[in-house]
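Here's the structure, in structure tokens; my notes come after.
The values are calculated or read from the model by the stated rules, or taken from the named source; none is laboratory data. All figures in this text were calculated on a predicted structure; none of them were measured in a lab. Cβ sites come from the backbone with ideal geometry, for glycine too, and all protein chains shown count toward neighbours. These accessible areas exclude ligands, DNA and RNA; they are computed on the full protein's heavy atoms, side chains included. Shrake-Rupley method; radii C 1.70, N 1.55, O 1.52, S 1.80 Å.
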Amino acid sequence: MEEHNISVGLDIGTTKIVAMIGRKNEYGKVEILGVGKSKSLGVHRGVVNNITQTIQSIQQAVQEAEAAASEKISEVTVGIAGQHIRSLQHSDYITRANSELVIDEADIDRLINQVHKLVMLPGEEIIHVLPQEFKVDGQAEIKEPIGMYGGRLEANFHVVVGQVSSIRNIGRCVKSSDLELEGITLEPLASANAVLSQEEKEAGVALIDIGGGTTDLAVFKDGIIRHTAVIPFGGNVITEDIKEGCSIIEKQAELLKMKFGSAWPGENKDNEIVSIPGLRGRDPKEITLKNLSKIIHARVVEIIEQVYVEIKNYGHEEQKKKLIAGIVLTGGGSQLKHLKQLVEYITGMDTRIGYPNEHLAGGSDEEIASPLFATAVGLVMDGLKRQDRKMAEEAVEETVNENEASEEDIKEVVNEVQKERRSFLDKLTERVKDFLDNAE
């Protein structure tokens, strides 16, 4: 596998596991070289509950991707989601020893590290600390305090919290599949990077990623992530309802949902009927499409209403926090017919379906540009970004080595840059790696 060229995203979902290999072309767009997909066994609502089955599914997806791209995979960027993820708002401040010096990255680092010391519930760990806006000596609404004078530096933070054991279990599955963990990313953030434009993030937008087991939400405003939530319902509960309501097997329920399902019952006439073969010698079952869409409608409304509660919790109804760009739907569940219209009807917000083609190279396979692969594309992009950062750091170090004269001074600067650039997720990845190495 060529170093610094290829990135692999591994999306461990409830219904499917996707391994996607990609690289940047000369125009800075992402070119997908190969995709592997396998049925996800052993994951429930985004959380691993059977290690052996999950490892088998990962290996199958990886082998398929390797065969398609003719590349050997050794490192992957993994997404985490699941019902254990929650987020909270937190404010913190530091008092600077010398207000005569300007605020630098080390001060912001100190403030962020202070937030990491927050006491969480047992078994929980902080995954992301995302600064919202800063205050310097009481002056509010500062986006970038570096270079300013001030004695007291305050900030509001969006803190994302998850269960340590769930993150470690994912790490264990990846390691047991003979892969290295290159990075960990929150799945709603990966999907957002793949399907949202910068203008939408500035104007204010809510990304709803409807997966098989969970529905992820990420709210952006002024280019900054403001709120995240994971709702423990997805496409699987709709299939489950069809199975119960129509007394049919799961495979048939899934096919019915995908082929004839609609989120809007008014669409179907009473005389539209679909016939399903009975089990082994039994008579076929007849189901009206109107009943089918009523079952789907009831569950979809429940999911959307829960998401809308989260959007209101963020404060969408306040004039200043209004989400002008409305809602973007992505994930496999967003392909349900008439879902866009239903979401607009319930929330009163502009809605579109998000396709991850914004950053993909022209001529990409149409299947890859489906909302189904939004998270995987986002993870590939995240891995490529991480590699660019490594290369930039190495280039700075090379320059340092050539410039012997003030080597110590420059090295100090390099260390500062590296320290600031390493997001907490990189540190978390290292901790998971250490834990797995020690557990061997």
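Conditions tested, residue by residue: (1) part of a strand (DSSP E or B); (2) open to solvent by 20 Å² or more (accessible area, probe 1.4 Å).
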site: I112; (1), (2): no, yes
site: P131; (1), (2): yes, yes
site: G147; (1), (2): no, yes
site: E154; (1), (2): yes, yes
site: H158; (1), (2): yes, no
site: V161; (1), (2): yes, no
site: D178; (1), (2): no, yes
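Listed here are the residues, each with its yes/no results for (1) open to solvent by less than 40 Å² (accessible area, probe 1.4 Å); (2) modelled with pLDDT under 90; (3) in a helix (DSSP H, G or I); (4) of a type in the set (S, T, N, Q).
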site	(1), (2), (3), (4)
Y345	no, no, yes, no
Y355	no, no, no, no
A395	no, yes, yes, no
N401	no, yes, yes, yes
E408	no, yes, yes, no
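Condition first: of a type in the set (S, T, N, Q) and in a loop (DSSP other than H, G, I, E, B). Now tell me which residues in region 74-91 satisfy that. It would help to see each step written out before you state the result.
So in region 74-91, the residues of a type in the set (S, T, N, Q) come out as 74, 77, 83, 87, 89, 91.
Answer for region 74-91, where residues must be of a type in the set (S, T, N, Q) and in a loop (DSSP other than H, G, I, E, B): S74, Q83.
The set of residues in region 357-390 being of a type in the set (G, A, S) and part of a loop (DSSP other than H, G, I, E, B) consists of A361, G362, G363, S364, A369, S370.
Are any of the residues in region 305-323 polar (S, T, N, Q) and farther than 19 Å from P188 by Cα?
Keep residues of region 305-323 that are polar (S, T, N, Q), which gives 306, 313, 319.
Going one step further and asking which of them are farther than 19 Å from P188 by Cα, we end up with 319.
Yes, because at least one residue in region 305-323 is polar (S, T, N, Q) and farther than 19 Å from P188 by Cα.
Listed here are the residues, each with its yes/no results for (1) modelled with pLDDT of 90 or more; (2) closer than 29 Å to S40 by Cβ; (3) of a type in the set (V, I, T); (4) surrounded by fewer than 12 Cβ atoms within 10 Å (Cβ to Cβ).
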| site | (1), (2), (3), (4) |
| --- | --- |
| E105 | no, no, no, no |
| A140 | no, no, no, yes |
| S166 | no, yes, no, no |
| V174 | yes, yes, yes, no |
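Counting only residues that are in contact with a Gly (Cβ under 8 Å, 6 or more places away or on another chain), surrounded by fewer than 20 Cβ atoms within 10 Å (Cβ to Cβ) and of a type outside the set (V, I, T), region 302-343 holds 3 of them.
Name every residue in region 69-86 that is touching a residue at least 60 places away in the same chain (Cβ under 8 Å) and either in contact with a His (Cβ under 6 Å, 6 or more places away or on another chain) or open to solvent by 70 Å² or more (accessible area, probe 1.4 Å) (or both), in order of residue number. Answer for region 69-86, where residues must be touching a residue at least 60 places away in the same chain (Cβ under 8 Å) and either in contact with a His (Cβ under 6 Å, 6 or more places away or on another chain) or open to solvent by 70 Å² or more (accessible area, probe 1.4 Å) (or both): K72, Q83, R86. In region 216-230, what residues are modelled with pLDDT of 90 or more and of a type in the set (A, V, I, L, M, F, W, C)? Listed by number, the residues that qualify are L217, A218, V219, F220. Please find, within region 40-68, the residue that is nearest to I21 (Cα to Cα) out of those that are open to solvent by 60 Å² or more (accessible area, probe 1.4 Å) and not in a helix (DSSP H, G or I). Filtering first and then ranking leaves L41.
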